[in-house]
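**Q** Following this message is one structure expressed as structure tokens.
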Amino acid sequence: MPHPRPKILIATLGTRGDVQPYVALAEELTRQGADVAVSTGEGFEAMIERAGARARPVSVNYETLVQQEDIRAALHSLKGMVKAARQSIVLQQEIVKELWQIGLEEKPDLILFNLKATVMTLVGRRLGVPALPTSLQPVLAPTGDFPLALFGLPDMGTFFNRRSYGFGRILMKAGLGSLFKPLKQEAASELSMAGSTIDGFQSGGRKALSLQAFSRALVPTPSDWPSEFWQCGYWFVPPPEDFEPPDDLRQFLAAGAPPVYLGFGSMPSKDPQGLTKTLLAALMQTGQRAILATGWGGLTREALPAELSGKLFLIDKAPHSWLFPKCAGVVHHGGAGTTHEALRWGRPSLVCPVFGDQPFWGRRISIIGAGPKPIAQKKLTPETLAGALKDLEHPNYAAAAAKAADVMNAEPGARGAAARILALTEPT
């Protein structure tokens, strides 16, 4: 009798950058024989189903939510983020209840979750199945090599770098207490079990495997990490085989030297018009060919200066895995996904971070020599950006980015992670 397909449940909350790598992992798990369900916010159902997995959405659209004026303002300061989290507590509690129910309905053999979905640890405890924490940036395992990759913390030396992770855990645990209130009675026994929900669940009192999905090319594996932390590399989606670019974009790319790409993903700007003017003014100074992605991340379409005619192409969006190989360099906000995607193709980056882990990735790009020092988005001026854009052309940056790409190509990635995860579901 053939062995039944193992059931895997992936829970990841957030915008596209928080979802796409998990869909890449889901596709590999499916390809290797698993029955996979992905639970995330609304709007990603088509992407999930194309990967061969089943979508189990919760009742929130994060890409719509992040465009609300109060949320947009909150993203630009730690104080604002704390305030927004408090204001949205009822919504977050509803999501926790939905994830709990989805987990119990799915009855998976194994669960994977990101840190916004730690309720899945309780599901694992209830069902007696592994619930594995995952992360796209170093925030879980203490190390003296670098600080917690949040809040824009600078390198503080070995002692204080390690202490920063304890501080981060205190903040996370404080937030989880209020989030789990709706389950206080229904999951009383699971909530009373020893151990933090941040660390997942493994039966028999063993420590759960923690998947660290970022590249050694950017973050060499620290020697002081505990053994349960496995750095597998980033989970990339394959380049789209069916993407057909508009004819005018194809013509622009063929008409001259590879352009520089400028776009800030899902990161809304406090002043979209001002940011757009800064970018255009800088490009007028450098004279570089460029692709400007307006998307919904803060850039606006304006009448282009005559000086940029034929040198600048505006797009709403295009698959990074298709477009970045055709560019000379990438200017972006420093999200984990965009940072890894640029290096995947050996392209140097200029990071213009706003908050969260973005300053960390900007510094890592600079440290490995794959781009200039980051410039905070709020400090961008036409002059500073123009100087950085010209600096980005230095061949040393491209050489370092190409070296990083070689490291990434040799990492386990989604395929290797899927194989190791499925091995955990095999009968012992």
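The values are calculated or read from the model by the stated rules, or taken from the named source; none is laboratory data. Quick caveat, the model's predicted, so the values are computed rather than measured. Counting neighbours? That spans all protein chains shown, and the Cβs are built from the backbone with ideal geometry, glycine included.
**Q** Could you pull out the residue among L218, L176, L191 that is part of a helix (DSSP H, G or I) and at pLDDT 90 or above?
**A** Just one listed residue meets the conditions, L191.
**Q** Given the options I170, I198, name the one that is outside any loop (DSSP other than H, G, I, E, B), of a type outside the set (F, W, Y) and in contact (Cβ under 8 Å) with a residue 40 or more places away in the chain.
**A** That would be I198, the only listed residue that is outside any loop (DSSP other than H, G, I, E, B), of a type outside the set (F, W, Y) and in contact (Cβ under 8 Å) with a residue 40 or more places away in the chain.
**Q** Given the residues G205, G200, G168, G175, which is the only one that is assigned by TED's automatic domain parsing to the domain that holds L99, within 22 Å of the chain's Cα centre (by Cα) and at positive phi?
**A** Answer to the check: G200.
**Q** Only one of these is in the same structural domain as Q92 (by TED's automatic domain parsing) and within 18 Å of the chain's Cα centre (by Cα): L150, L183. Name it.
**A** Being in the same structural domain as Q92 (by TED's automatic domain parsing) and within 18 Å of the chain's Cα centre (by Cα) holds for just one of L150, L183, which is L150.
**Q** Scan the range 216-232 and give yes if some residue there is among the acidic types (D, E) and more than 29 Å from I368 (Cα to Cα), otherwise no.
**A** No.
**Q** Mind checking which helices (runs of 4 or more DSSP H) fall wholly inside the range 42-155 and carry at least 3 residues that are modelled with pLDDT of 90 or more?
**A** Because the criterion is at least 3 residues that are modelled with pLDDT of 90 or more, the helices (runs of 4 or more DSSP H) in the range 42-155 that meet it are 45-50, 89-106, 119-127.
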